[in-house]
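Colleague: One structure follows; several queries about it will come next.
Readers should treat all values here as calculations from the given coordinates under stated rules, not as data from a laboratory. Since the structure is predicted, the reported quantities are computational estimates derived from the model, not experimental observations. Cβ placement follows ideal geometry from the backbone for every residue including glycine, while neighbour counts extend to all protein chains displayed.
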Amino acid sequence: MISTAVLPELHGYIVGVLKNLKSPSIQTGGVHDHVHILFVLSRTMTQADVVEEVKKASSKWMKDEGRCPAFSWQAGYGAFSVSESQVETVVDYIQNQEEHHKKVTFQDEYRKFLKKHHVEYDEKYVWD
């Protein structure tokens, strides 16, 4: 779990990592148990490489200086492309995570999203 006090710093750190990877953040945010990142994928890196670098760098940063010594991201992640016409909607969604998850849990929302888009999944592999 990510403490509320650290969230803004963590999101800012992730934005910096993405900038260094030439995959600039459009919007980064989240709540205590997950993060959403809308970014422009670099022309020279794969999605998997960008996610790996963001997770590795931010995990190390969280462990440094006692922010959260036992911190780790889950092994997997979800990644979805967004059409230009939906960017504003996704930005708004990311900015309002706290309010949104008062109504529906992240896990329930993710399951619904996968079903809506006909993505087959096995529950035992989705959560760590």
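Colleague: Going by how many other Cβ atoms sit within 10 Å of their own, how do 64, 128 line up, fewest first?
Modeller: Placing the least packed residue first, the sequence is 128, 64.
Colleague: Okay, next question. Using a simple spin-label model with points 7 Å from Cα along the Cα→Cβ vector, what separation in nm is obtained for residue 105 and residue 118?
Modeller: Computed distance between label sites residue 105 and residue 118 equals 2.9 nm.
Colleague: Of all trypsin sites (Lys or Arg not before Pro) in segment 1-109, which ones are in loop regions per DSSP and have a Cβ with at most 10 other Cβ atoms within 10 Å?
Modeller: Answer by residue number: 43.
Colleague: If you average the C-alpha positions of segment 1-32 and of segment 45-65 separately, how far apart do those two centres end up, in angstrom?
Modeller: 11 Å
Colleague: Most exposed first by the Cβ proxy, i.e. fewest other Cβ within 10 Å, how do 73, 127 rank?
Modeller: Numbers: 73 16, 127 10.
In order of increasing Cβ crowding within 10 Å: 127, 73.
Colleague: Please list, short to long, the whole-number percent of alpha-carbon pairs of the chain in consecutive 10 angstrom bins beginning at zero.
Modeller: 11, 41, 40, 8, 0
Colleague: Count the lysine pairs in segment 14-128 whose Cα atoms lie under 28 Å apart, taking only pairs 8 or more positions apart in sequence or on different chains.
Modeller: Eligible lysine pairs with Cα atoms under 28 Å apart amount to 29.
Colleague: Still on this structure: 222 nm [θ] for the chain, helices only, -39500 (n - 2.57) per DSSP H run of 4+, per residue, to 500?
Modeller: It lands at -14500 deg cm²/dmol.
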